[in-house]
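Let me begin by presenting the structure, written as structure tokens, before commenting on it.
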Amino acid sequence: MGDMNVVKVEAYRNSFLKEVEANVEGGQWVKMCMQCGVCSGSCPLGSAWDHPPQELFMMIRAGKREEVLTSSSMWMCTSCYNCIVRCPRDLPITHIMHGLAHYAERLGLAPKNQPTRKFAKLFWNNLVKKGRVNELKLGVALYFMNGLVEGIKTALKMAPLGLNMLKTKRMNPLEYVGGHGIKDAAGLQAILKKARAIELAKAKKA
Amino acid sequence: MADVKIGAYICKGCGIGERLDAKQMMQVASRDAKAHLVREHEFLCNAEGVQMIKNDIANEGVNRVAICACSRRSKTDAFNFEGVAITRGNIREGVIWVRPNTEEARETTQEMAEDYVRMAVIEAKFMTPPSKNTEAKYDRTILVVGGGVSGMTSAIEAAKAGYPVHIVEKASALGGNAANFLRRVPQKSPYANPEDSGVAGLIKAIQADSKIKVHLNSTITRTSGAPGRFAVDITTESGATATEHFGAIVQATGFHDYDANKLPELGYGKSPNVVTQLELEKMAKAANGAVLKTKDGKEIKSVVFVQCAGQRSSKEGHLPYCSGHCCSTSIKQAMYFKDQNPTIDTNVIYSDLRTPGTGGEEFYRSGQRKGVTFTKGVVSEVVNGSDGLDVKFKDLILNQDVVEKADLVVLATGMIANSGVNIDEVKQDEPGEWKSSPESVLNLSYRQGKDIPLLKHGFNDSHFICFPYETRRTGIYTTGPVRRPMDLLQAQEDATGAALKAIQSIESAAQGLAVHPRVGDLSFPSFRREGCTQCKRCTVECPFGAIDEDEQRFPVFNESRCRRCGTCMGACPVRVISFENYSVDTVGQQLKNINIPEEFEEKPRILVLACENDAYPALDMAAMRKIEYSAWARIIPVRCLGSVNLIWLTDALNSGYDGVVMMGCQKGENYQCHFVKGSEIAQVRMSKVDDTLKTLNLEVERVATYEVAITDIERAPRLINDMAEAVKKVGLSPFKF
Amino acid sequence: MAKREYSFYPGCSSQKAASASNYQVSVNAMCDELDIKLNEIPDWNCCSASIGYAEGGELPRLALSARNMALSEKFNPGQDIVATCAACWLATRETKDRLNHEDALMKETNEALAAAGLKVAANQKVRHMVEVLIEDIGYEEMGKHVKKPLEGLKIAGYVGCQTNRPFGIDGESFENPKYLDKLVATLGAEPIENYEKKVQCCGGALAFSEPVKSQAMIKDIIEAAYDGGADMIVTPCPVCQMNVEVYQDQINAKYKTKFKMPVVYYSTLMAVAYGKSDKQAGLDGQIIKATQLEAITRR
């Protein structure tokens, strides 16, 4: 992935905007932002973003590649879609945020310890394996994503919650060993592999 | 005119009959006010009632009709009789709709109504049906001053409507500023690309039109007369002068570019590659589709547009206003580059992007789609860098200082109106010593100055709120950027409107009728020469510059320049100015004939002089909503607060009124006065009222002047009630004899 | 009336012993009463919700939903796809919209699906269960089945994000959707009309990764319900339900609040109003017991 990053810097020395347009989901919309700031003001976690969407768009146009792609900002998106429905220019802002996060991840520039990034990766890996999400495995993995000691602390803190879920039959300890899954997991994996291959082939051309 | 014969008619419809004693009102009309003939009717505005009045005019010789019914603003079609003077006693909106229907209010309500009946009959007695202006002339030719897009559009539109036009253009060709444009901002959907400027098409249309005569290399060296009879000297570069006659004038003298030499900090004058928008147009037009190069022959690969260069700024020497077109113009010019070569970097640095008009936002989007970069920021400096220009600016979104390299910097400088001389500063020559001025556009011979008055920032005044094309010189209409900053599309729409106003003025002047706002009024002011002291107040204060002075300094009223506001009448200290249907007496006698109860009756009287344009309608609307006000009020509508003569106040206070309320329109920069300056002049005059009150030993609280808007439906009655309260506090007037 | 049939996409959280298993139980009871038949899409997979984007690219993510649609077209042809989970609905509906409008994407997606011998036409409507209730059944019909009106209950309709934006329910506004309020009134309870936080985000998946920030928002959602005088919160989304219900102990500990606000599904309310048992209504799945609803089932 690191190699790909180098390639991109060379290809778009002067125009990060063009790079975003060619490689990021919804990227062709970035230039249409009119800097009104409604997105930033509508974001439920707005105050937690180093650079709210409005700023990210301006930074892309200003060529601030490194700052944008290594930012934790877009990882703060809760996918509430408030920005999308309020944007007077109809920009698919939520998708652009997901797209930027994904592109940063693909280039190996995403912040390594960003918790949502870690969770998102766990989620994906969990689903790819069996075709459906195994909430317990996902949860346990999440508790330990910051290491064993932190994990035990988190697990203890979350234990009453788990117990509650258990009591109401909304969690099953047996899930951990077997659990839900689809029959044709192999087929699904083949589909995803093919989809990824198509996407990577296109990315190389872009 | 035959003897005065007054017919008074009391309507009993709309509940008047139930609330008021009509017989009593009839007695007041005949016994107190001496109407010659008095009738009542159940429903006066119906066909039968109207016929009754018509019969009296035909058979009984009635030539003054006092209609005591609804407000003068209602049923104007029904109560419209030719050749007679008509007055209206407002006993519906003015009485029964603003008073409670209770036993205890019955007496004061009846008194109110009787006073209004009395006032209507007395007013009729002092009125004369207006006769036609003998100066009226019919000249259908229109003069258009300026051959730019606005002027050409006005000329073409007027010619299309069948009116001959002369265009006077000081340059050697038609086209104005827009002749330099490569293309214009699009005017039609999808508003995506710059389009043909349209200038060549306009010039062709004018050349093909036999109704339009063009005077190139020419200026105007004298304009005199009035609507329907303007005489204009047109002088060519060589000095040859011809006098032509016109019915109306359209002034479309446009704008010139702000002097960018005042902006050295933005690199103008220091680098040949810093240009104004207008200069870039010329460069682009000269290149005629070829690649644009810098002055030193380098292909331009990056352009920065600096918006609001020397405008929208409070700095000394800068323009404080927004010129309106420049954001769209920069988008258009960035497209000149992008359409030719999308790899050219174009950055528009703006603090607020403003693209007015239907297509403005679409055009902005189109620019974004084409890859024009828009940066919210403020440019502090443009300097010569190592490789081209360095543009230093603060990025307002990212809050950081940035230096951007550019091969070309384009400054969006503002528009300055070509409005001639500022008549507040350059006084008119003394009579007999009049000389033409090369700085003036129109060279008017008018008493008040050679050009059209200015509103602010050097743009010609026009009534922004109510009648945007009207200037304060009747029959002369400013249009396009001389009036306010505007783009081509707006200028063309504006020019079409101005042509129509010119036509309207010609047709009205021919019949001796007033134009806005007293459309169709036949009356005009006259004065008693023997009483005149040549004080010049009327000639100075007339908001429309309608009054000139003769060699002996007597006023010369130019009827068709007059808007019939009566400001001259209000100004006259010796009260020699009057209209046939509006005079010191028509109002003065009304207020003197109101019944002033003896002091022991404890019934105060409050005189309300309300502007007929805003305050009076507001009070009518309050009545429609049944908002009550004091029974002590007696309201007389006036044409404008400017027409109020101080004698009315003195008379009222001397005859025992306890309070006087005056309601005019908003004055000042954002004026709403229909006569522009009338309300302002009135307020100046009224500022001296306190002295009058002191000489009479009366409390200052007894007179109040207010600005009232037509929307002040709840406030206007409240102001009357406030005066009733004030009177309660200071006590009744000692002048009740 | 003939049975209405739909191709059903239950989603991961509705599975047995998963976090929204009680949702599924109540949906079954509700559908039974309203004569709705749900034909589960065989071998459906996860949609990756809104959180698959880190690892999953655009096409792989869309392919997940496309596979479900392909299976639905194959096994439940001609039926609208119905989801009960907001995230499942959103992901699937977005995929359908994009496949319908972007030919290149349709081609690439089918290329990917071909790896498992599938193909997609994206010609079935994708709907949320709430749309089926409002548009196919209607408030009037829903009201006719009420056997035990929820009289005296004040309920805050927490619509949340993903059933509301970006698509939303037809005829509703993004800023103040009213359908839950109308449903609550249909069932005989009193809606909290001015519930201020009805479209506030609960943090969604970030409740796991950013618990502090998410719980601050959840606190507001619950507090506003108390401010409006609510006895309980109703929601159409499993993520909303879980986030707003299960962290109340942690929020109480941190903010010194005394929250004990039951959070139920619209289907829970309907099952109760339709006279079903605690178990059928999924009330045994409440971590914070909805005692007032239990009282009604026992009436």
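The values are calculated or read from the model by the stated rules, or taken from the named source; none is laboratory data. Computed from a prediction, not measured in an experiment: that's the story for all the values here. A quick note on method: Cβ atoms are made from the backbone with ideal geometry, for glycine too, and the neighbour counts reach across all protein chains shown.
Some notes on this structure:
- Hits in segment B:698-729 (condition: touching a residue at least 60 places away in the same chain (Cβ under 8 Å), over 15 Å from residue B:635 (Cα atoms) and of a type in the set (A, V, I, L, M, F, W, C)): B:709, B:710, B:713, B:726, B:727
- Criterion (assigned to a helix (DSSP H, G or I) and within 26 Å of the chain's Cα centre (by Cα)) met by exactly one of B:156, B:249, B:206: B:156
- Wholly enclosed helices (runs of 4 or more DSSP H) of segment C:160-228 bearing at least 3 residues within 9 Å of another protein chain (Cβ to nearest Cβ) and closer than 30 Å to residue C:98 by Cβ: C:206-209
- Residues of segment B:634-686 that are in contact with a strand residue (DSSP E or B) (Cβ under 8 Å, 6 or more places away or on another chain) and of a type in the set (Phe, Trp, Tyr): B:648, B:657.
- Single residue of B:316, B:404, B:361 found to be of a type in the set (D, E, K, R), within 14 Å of another protein chain (Cβ to nearest Cβ) and not in a strand (DSSP E or B): B:361
- Unique residue being under 19 Å from residue B:6 (Cβ atoms) and crowded, with 23+ Cβ neighbours inside 10 Å when the list is B:86, B:122, B:167: B:122
- Residue that is nearest to residue B:83 (Cα to Cα), among those in segment B:51-70 that are crowded, with 18+ Cβ neighbours inside 10 Å and of a type in the set (D, E, K, R): B:64
- Counting only residues that are among the charged types (D, E, K, R) and either crowded, with 21+ Cβ neighbours inside 10 Å or over 17 Å from residue C:224 (Cβ atoms) (or both), segment C:169-196 holds 4 of them.
- Of all residues making up segment C:251-299, the number that are within 14 Å of chain A (Cβ to nearest Cβ) and without any contact (Cβ under 8 Å) to a residue 12 or more places away in the chain: 2
- Here segment C:86-129 is the region considered, the condition is being in contact with a strand residue (DSSP E or B) (Cβ under 8 Å, 6 or more places away or on another chain) and not in a helix (DSSP H, G or I), and the residue that is farthest from residue C:236 (Cα to Cα) is C:124.
- Of all residues in segment B:721-737, at least one satisfies being in a helix (DSSP H, G or I), under 16 Å from residue B:630 (Cα atoms) and either within 28 Å of the chain's Cα centre (by Cα) or polar (S, T, N, Q) (or both).
- All conditions in (1) within 22 Å of the chain's Cα centre (by Cα); (2) crowded, with 23+ Cβ neighbours inside 10 Å hold for residue B:540, with the sole exception of (2).
- Search result, residues across segment B:327-352 that are facing chain A (nearest Cβ under 10 Å) and either modelled with pLDDT of 95 or more or assigned to a strand (DSSP E or B) (or both): B:345, B:347, B:350
- In segment B:368-389, the residues that are crowded, with 18+ Cβ neighbours inside 10 Å and either among the hydrophobic types (A, V, I, L, M, F, W, C) or closer than 20 Å to residue B:337 by Cα (or both): B:368, B:370, B:371, B:372, B:373, B:374, B:375, B:379, B:382, B:388, B:389
- Test: residue in segment B:61-81 that is free of Cβ contacts under 8 Å to residues at least 60 places away in the same chain, acidic (Asp, Glu) and farther than 27 Å from residue B:610 by Cβ: no
- Filter pass, residue B:441 being modelled with pLDDT under 95 and outside any helix (DSSP H, G or I): no
- Within segment C:152-193, the set of residues being in contact (Cβ under 8 Å) with a residue 60 or more places away in the chain, more than 17 Å from residue C:204 (Cβ to Cβ) and of a type outside the set (Gly, Ala, Ser) comprises C:153, C:154, C:155, C:180, C:183, C:184, C:187.
- In segment A:85-143, the residues that are at pLDDT 95 or above, closer than 20 Å to residue C:65 by Cβ and more than 10 Å from chain C (Cβ to nearest Cβ): A:96
- Hits in segment B:511-535 - residues which are farther than 14 Å from residue B:475 by Cβ and crowded, with 17+ Cβ neighbours inside 10 Å: B:517, B:518, B:521, B:522, B:523, B:524, B:525, B:527, B:532
- Hey, residue C:92 facing chain A (nearest Cβ under 10 Å) and either under 29 Å from residue A:92 (Cα atoms) or among the aliphatic types (A, V, I, L, M) (or both) or not: no
- Looking across segment B:287-328, the residues that are under 23 Å from residue B:355 (Cβ atoms) and touching a helix residue (DSSP H, G or I) at 6+ places or on another chain (Cβ under 7 Å) come down to B:303, B:305, B:306, B:307, B:309, B:310, B:326, B:328.
- In segment B:184-197, residue nearest to the chain's Cα centre (by Cα) [restricted to those that are surrounded by fewer than 19 Cβ atoms within 10 Å (Cβ to Cβ) and touching a residue at least 40 places away in the same chain (Cβ under 8 Å)]: B:187
- Residue B:177 being out of contact with any helix residue (DSSP H, G or I) (no Cβ under 6 Å at 6 or more places or on another chain), of a type in the set (S, T, N, Q) and part of a helix (DSSP H, G or I): yes
- Taking segment C:1-17 as the range and being touching a Leu at 6+ places or on another chain (Cβ under 9 Å) and either under 18 Å from residue C:86 (Cβ atoms) or part of a strand (DSSP E or B) (or both) as the test, the residues that pass are C:4, C:5, C:6, C:7, C:8, C:10, C:12.
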